[in-house]
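Bear in mind these aren't lab numbers, they're just calculated from the coordinates by the rules spelled out. As the structure is a computational prediction, the values presented were derived from the model and not from experiment.
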Amino acid sequence: MAIEFIYLNLFYWLKKTVTSKNRIQLEDNFTTEDNYNENEDKNDVGDNTDAEKARDDDDVVDDHQEEAEYLPEGDGPTATEEQHHKGLVTKDANEKNKPSTRHFIHGYHLIQGQMNHGMEDHIFAQHRNLDGYDLGLYAIFDGHSGHEVAKYLQSHLFENILSEPEFWENPVHAVKKACKATDDEILENIADSRGGSTAVAAILINGVKLLVANIGDSRAISCKNGRAKPLTVDHEPEKEKDLIESRGGFVSKKPGNVPRVDGQLEMTRAFGDGKLKEHITAEPDVTIRKIDEDTEFIILASDGLWKVMTNQEACDCIRDEDDAQKASKKLVKEAKSQGSYDDISCIVIIF
């Protein structure tokens, strides 16, 4: 009866939340158009630090949904993401009005690379309160063949996710449904046959629950007791060759180049890319994790960083930093020094 009472309360709250009058509006979107050059100050196209102070509270939110399993380091989560993760937030409806049980801060930084195109990375990094729940909303959108899709995602993806009526009770299904709806919007109104974007998005709930959704080859990792732990798996053509071929496509590799879907796209999942949509998908992998006391920080970054740094190298690079903004700048600077020519963007959340 107690569980039914909780779900009933959540139902009425959700019904109220998603009405047009109360439709979620996300603010403080971050974008950039600055050019890359050797002057680091001019390349600092995105900075932000947001600190949230938590009170001591013994009633830590219980992690009562099934955890995603992880393969050896670098291989990422398995198909347990398909489980219905009930009770994402709390077992007790009264918990929603309590402050975050862990202190956390975030910072972000991005620079334009030396490729023959304008800046295509976009970042979303925001802390907000939603009906008593303390949310950190973080995402990296890495565009290709233009920045329009990434910019659209920056303005609409979280709005679409949090407006899904099933988000609190069945978050995995809700996130996938929202991504499908967002991709449909993009294909109809935004992208031409070639424009697209990857996305890695994280929702931190009350400082102790983390939902991560990934489409493409941007990546999220956590650092626990000094060790890097993957939160996502890169969607690369060789890894998902069976998926591409089952949809009628093919994977090819020219000498000296990377494998590509239909000889064109370096990843198997992306928003937009209408010309290839029959062979690729915008369905995300979704994982839900508990942020325990051993978790030191989380990194989200575009492939401009991961092409030149391993997960562990990224963790080691900033482990001594206690300022999230300085940590994000340090990561970008290190990736640049390691020879990355791509756009580089990252978000660091420190606990």
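Which of the three applies to segment 178-293, rounded, prolate or oblate, going by the alpha-carbon gyration tensor with a ≥ b ≥ c and a/c under 1.5 meaning rounded?
Working: a/c = 2.72, a/b = 1.54, b/c = 1.77.
Note, shape of segment 178-293 comes out oblate.
Which distance in Å, rounded to a whole number, links the C-alpha centroids of segment 261-289 and segment 127-195?
Answer, in whole Å: 15.
Starting from 0.36 nm per residue, how many nanometres of slack lie between Arg319 and Glu185 once their C-alpha separation is accounted for? Working shown, then result.
On the way: separation 134, 0.36 × 134 = 48.24 nm, distance 3.99 nm.
Contour length minus the Cα-Cα distance gives 44.3 nm.
I need to check one value: relative contact order of segment 224-309, counting alpha carbon pairs closer than 8 Å and at least 6 residues apart, in percent. Working shown, then result.
Numbers: 84 pairs, mean separation 23.5, N = 86.
Relative contact order comes out at 27 percent.
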